[in-house]
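A quick write-up on the structure given underneath.
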Amino acid sequence: MSSKQERVNRYAQALWLAQLERWQQAFDQLSKVLADAELAALLVDGNKSGADKAAALAKLLPADFPAEIANLIKVMVDAGDSTLVADVAGRIAQIASGRSQSLKAEITSAIELSDSEMDKLRKRLTDEYGAGLTFSFAVDPSLMGGLRVRVGDRLIDNSVATRLATLRESIASVVR
């Protein structure tokens, strides 16, 4: 039979995990809403009031969206920090997991990735490195194709440019 304190801890842990999952789902929904180019432009428009921005954002959020996250987003929009949503989501996951340092996943591609391609990369990297990753995506045409992925201090370079450079070096070393 478990002690009273063990039962209390188990209930508190269950509640915390349920709330954390709810918040993570809310941030996932919010990321999709903020991907709308028209809304993103409105949120950074210095000529629009905070109330106008908050109203536009509220219209796009689901009816069952957590009030505490909606209020946080309103504060962030008023402060001009709507671009920090992904970083805040990552930090919340980091705090919950007990890690002291967040890992950043920097993905660079030769062409713009679709939303589904970005989602697949997020899922794959999260499966490999755990929750709490913060993602940034960039385009660098000089890669010519493929991807360059940096997570923490690990680099995975599967770009055409790097393959060609490696081939050039190996041919040059044979010719010498």
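Miscellaneous remarks
- Sequence-distant contacts, meaning Cα pairs under 8 Å at least 6 residues apart, place the relative contact order of the chain at 17 percent.
- Across the chain, counting alpha-carbon atoms alone, Rg and Dmax equal 21.2, 76 Å.
- Furthest towards positive pole of dipole, VAL77, LEU61, ALA96, structure part region 39-145, Cβ charges: ALA96
- Among ILE92, ILE69, ILE156, residue whose mean-square fluctuation peaks in a GNM of the chain (springs only between Cα atoms under 10 Å): ILE156
- Cα centroid separation - region 1-75 against region 76-97, whole Å: 10
- Links that overshoot a 21 Å alpha carbon limit, given the list LYS32/LYS123; LYS59/LYS123; LYS32/LYS74; LYS32/LYS59; LYS74/LYS120; LYS53/LYS120: LYS59/LYS123; LYS74/LYS120; LYS53/LYS120
- Rg/Rg_ref, region 1-102, where Rg_ref = 2.2 N^0.38 Å and atoms are Cα: 1.32
We did not get these values from a lab; they are worked out from the coordinates using the rules stated. Not measured: the values here are computed from a predicted model. Cβ sites come from the backbone with ideal geometry, for glycine too, and all protein chains shown count toward neighbours.
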